[in-house]
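The values are calculated or read from the model by the stated rules, or taken from the named source; none is laboratory data. Bear in mind that the values here come from a model prediction, so they are computed numbers and not experimental data. All Cβ positions, glycine included, derive from the backbone under ideal geometry; neighbour counts span all protein chains shown. We work out accessible area using only protein heavy atoms, side chains counted, and drop any ligands, DNA or RNA first. Shrake-Rupley method; radii C 1.70, N 1.55, O 1.52, S 1.80 Å.
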Amino acid sequence: MPGLTSEPDDLAMVPVSLETENQPVVNYPLRHGLKSPIHRLSFSWACGNTLRVSVFRKPQSETADGEGEAGGRVVEVKLSNSGDEEVDAARWRRMAYSSVTPFALLQSRKHSLSAASRMSLDIPPYKAEWWEHVIEYSKEISSLLSDQKPPPKSIIEDAKSVVNEIAAPVCLKAAWELLEIFYIDKQSQSWIPERLLDWLADYNSLFSGTLPTIHSKLVDFQQELVGVQVVEDDPNYWDAMSSALAVGWLETVVKLLRLHGSYRFDQLSSREAVYLFYRVPKSITLCVFCLRDLTTGCTAMSDDKVDFLVLFVSHCSSLASKNGLVEAVAVLISKMPRMRPSLREDNLGECYKTKPDFMKAWEKWRTQISKLDCSSYWLQCDHRQTREGLKNLIQIMLGNPTVLSNATFNWMELFISHFLYVRPFTAGLESMHNSAKKCMQVKPASIPHKLFGLILGILGENTEVVLAECSRSFGPWMMAHAVELLTAGSTHAEILLHEEHSKLGGVSIEELHRLVYAQVLSSHALTWQIAPIYLTSCIKQGIRLLENLLYKQPVQHSQILLKSIEICRLYELDTINSNIMRIAGVHHWKHGRKGSGVFWLQQARDEFRLNRIAKQLFDFVGKSVSDEGFKQWEGLIELLGSESRTAGGLEFLNKYRDFRRSLLQVHGDTPTDAARNAAEALVSLMKNPSTPQRFWLPLLYDSLKLLMWQERPLVNVSQTQLLLNKLQELSMARLRPDFVEADLPSDALSSVRLALATNLGRAILEE
C-alpha cells in the first residue's frame with residue numbers, strides 16, 4: 001500500500017543539474033551590499049559546490065562622490081541541483097560518515113577472502129560467503145539512506161484514510177534498491193515482478209513531482225473523500241480503485257470497496273435477510289455465514305466457497321445481489337495469487353513459492369473472474385456506477401490492455417500492470433526490457449525521471465548506461481559504493497570496472513570513481529578525515545593522493561595535525577608522518593612558538609634541525625648567569641632534553657641549566673655541602689667533551705665565588721689543575737683568527753687565573 005509522504009527530498013552527494021530543454025533556468029541571488037556601479041566581478045570555486053564571487057567597486061579616485069566605502073566584497077553562493085530545493089549539508093555529512101564502516105568492513109572481508117582463496121585482489125571471490133557479505137553490506141547502506149522515522153500510527157484507524165502517512169522517500173535509496181534487486185538478491189530472481197511492485201509502492205510518490213502518478217491521484221482523492229456523502233456515485237471513487245488495482249495495491253482497493261454504500265448498516269440487514277431465507281442446501285450454510293462475515297472484514301475463504309459466492313450472486317434479489325457483487329469482487333481481489341515467498345504486513349493475496357503451483361492457482365483465479373464477468377446478474381444491477389465500476393475492475397484483473405492503459409499514468413505503472421495481469425509468467429531481463437519499451441511507446445514521458453533511465457539500463461543489461469545514469473543523477477557517493485553491487489552481480493560489469501586504462505593513468509573505472517568521491521570528501525573541512533579510507537582502497541593512485549591530501553592540511557591547527565598523524569599511523573605511512581611533524585615544527589618555530597616547534601621536531605627525530613636550534617641557543621646561553629636572557633631559554637632547554645642522539649650538543653645545555661640552578665642557590669650562608677655540589681657540577685661540565693670551548697671562560701667566571709670559598713677550598717688539587725689546563729688551552733685558542741670572544745669584562749681571564757692559583761695553594765695546604 002502506498003504512503004502519503006511529507007516533503008520530498010533528494011539526496012545526491014554532489015548535486016548535478018540535468019541539462020534538459022524543459023528545465024527552467026536557476027537564479028541565485030547575490031547579496032553583496034555594495035552600491036552601484038560595480039566595476040568588476042571575479043569567480044572562483046570554494047569547497048564543495050560553493051561558488052566564491054568577488055565584487056569590486058571602482059577605485060575611489062574615479063568615483064564622483066568620493067565616498068569611503070569598501071572597495072569590494074566576497075560572497076559565497078552555494079549551488080544546488082534544482083532551483084527551489086537544496087541538499088541538506090548536515091544530512092549529507094551524516095550519510096557520508098555512516099557509509100564508511102560498511103564500506104571499510106566489506107573491503108577488509110574482500111582482502112581476507114582473496115588471501116584465503118589465493119586469488120588476485122582485483123577479482124572478487126564468487127562464493128556463497130562473499131555473496132552474504134555483499135548482501136549484508138547492501139542492507140546496511142540501504143538502512144542508512146532512510147534515516148527519517150515514519151510518523152506514529154494512530155490508535156484509532158480512519159476508515160476513510162486511503163493513503164497512510166510515511167517518511168519521505170529519497171531517489172538515492174530507490175536507485176540503490178533497484179541495484180540490489182537485480183544484481184545482488186539471488187533469492188528474489190524468481191519473483192522480480194513482485195519486487196518491482198513493492199518498489200513502485202514505496203517510491204511512486206517520487207515521480208509525482210514531474211509526472212502524473214497513481215499516488216498523486218490517491219492523495220487528491222483522499223482530500224476529496226472527506227466531503228463525499230455517497231462515494232459510489234463519485235466517478236473519482238471508481239477511477240482511484242481502478243488505478244490502485246492496476247499496480248497491485250490490493251489492500252487499497254479492498255479498503256475503498258468497504259466504503260461502498262452496500263456496507264452501511266441499513267444494507268447489512270437486507271443482505272443477511274436474503275442470505276438466511278434463501279433456500280440452499282445445508283452443506284452450503286457455512287458458506288453463507290462466511291459471506292456474511294466478510295462484510296465485517298473477514299477475508300478467509302477457500303476456493304470452493306469463492307465459486308459458490310459467484311453462483312450465489314447470480315440468484316439474489318436486486319438489492320442483495322448488488323451488495324453481494326461488491327463483496328464478490330472484494331474477495332476475488334483479496335485472493336489474487338502472488339508469485340512470492342511471503343507478503344508484507346497488511347498486504348493481501350495468496351503466496352505461492354513455486355511456479356507450477358502459481359500457474360495452477362492463477363488459472364483457477366482467472367476462471368472464477370470469468371464466471372463472475374459472464375454472469376447474467378450484471379443486467380439486473382440497478383446502480384449504473386457500481387455496475388460499470390465493478391466491471392472495470394474485473395476487466396483489469398482479466399488483463400484488458402486498453403483498461404490498464406487508461407488506469408495508469410506513466411509507462412512504469414503500465415509496465416507493472418502488465419506483469420500482474422497480462423504476462424504474469426514473464427521471466428528474464430530480455431523479455432522484461434521488451435515489455436518496458438512497448439509500454440514506453442504507449443505512454444511516453446514528456447519529462448523523464450532520472451530513475452527511469454536507470455531502470456531501462458538495468459533491464460537492457462547495459463552496464464555502461466547504468467554507470468552513466470548513476471554518475472549523472474546520483475553523484476560520486478553512489479558510484480563509489482554501488483560498484484560492489486555491480487561487480488558482484490554481473491560478470492560483464494566486473495570486467496568493465498576492473499579493466500585498467502592507460503588513458504586514466506593505469507587505473508580502473510572502479511578506482512577512478514573512488515578517487516573522485518575521495519576528492520569530494522577532501523574538498524570539505526568536515527569530511528576530509530574519511531577520504532583516506534577510500535584512497536587506501538585504490539592501489540594505483542590512492543597512496544599518492546593521500547600524501548597530497550595530508551600535506552595540504554594546515555599544521556597550525558592542533559586538532560587537524562593530530563588527526564593527520566593518526567591517519568599516518570593507521571596506514572603505516574611513517575615517512576609522511578615524519579614529514580608532517582617536521583613541517584609542523586618548522587612552522588611553529590618560525591611563528592615564535594619555540595616550544596611547540598622543538599616538540600614536533602623531536603617527534604619527527606629531525607636531528608639536523610635540532611642541532612641547529614641548539615647551536616642557536618649557544619649564542620644566548622654563553623653569558624653570565626646574572627644575565628636575564630638565559631631565563632627566556634631555560635624552559636626551551638628543558639624541553640629539548642639531553643638525548644645526544646637526537647639533539648647533539650643539547651646535553652651540555654641541560655647540564656648547564658642544572659649547574660646554573662645550583663649556582664644561584666649558593667650564598668654566603670650556604671652550607672659547604674651545597675657549595676661542594678655546585679663545584680662538582682662545574683668540574684663535570686669542564687670535563688665533558690660536549691662543552692664548547694667558548695663556554696669555558698664564562699663557566700669559570702660565573703664560579704668565582706666557588707673558587708674563592710672562605711670556609712675551605714671546594715676544588716681539590718687535581719681538579720684545580722684540570723681547570724688550569726683548560727684555561728691554558730683557552731689562552732692558546734685566543735690566538736686563532738676564528739676565535740670568538742665571550743661577552744665578559746676585560747679582566748675576566750686574569751680574575752679567573754688568580755682565583756685558580758689561590759685555590760690551588762689552599763688545596764695543597766689542606767692536603
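A DSSP coil position with no more than 10 other Cβ atoms inside 10 Å describes the following GluC sites (Glu not before Pro) in region 345-413: GLU345.
Debye-formula intensities of region 495-563, expressed as log10 I(q)/I(0) at q = 0.23, 0.27 Å⁻¹, are -0.94, -1.18 (one equal scatterer per alpha-carbon, no solvent). For region 406-546, the carbon plus sulfur part of the accessible surface works out to 56%, probe radius 1.4 Å. For region 344-438, the alpha carbon positions stretch 47, 31, 27 Å along the principal axes, listed from largest to smallest. Scoring 243-250, 327-334 by mean Cβ neighbours within 10 Å over their residues and listing the highest first yields 243-250, 327-334. Which trypsin sites (Lys or Arg not before Pro) in region 674-740 sit in a loop by DSSP (not H, G, I, E or B) and have at most 13 other Cβ atoms within 10 Å of their own Cβ? Counting only loop positions with at most 13 other Cβ atoms within 10 Å, the trypsin sites (Lys or Arg not before Pro) in region 674-740 are ARG734. For region 444-528, GluC sites (Glu not before Pro) meeting the loop criterion (DSSP other than H, G, I, E, B) and having at most 14 other Cβ atoms within 10 Å: GLU499.
Electrostatic tally near LEU496: other residues with Cβ closer than 10 Å to its Cβ, Lys and Arg +1, Asp and Glu -1, net -4.
Computed 3J(HN,Hα) for region 598-612, one whole-Hz value per residue from the Karplus formula 6.51 cos²θ - 1.76 cosθ + 1.60 where θ = phi - 60°, is 5, 4, 6, 5, 5, 5, 7, 6, 8, 5, 4, 6, 5, 5, 5, glycine and proline marked x.
Per residue, the Cα convex hull of region 656-767 amounts to 103 Å³.
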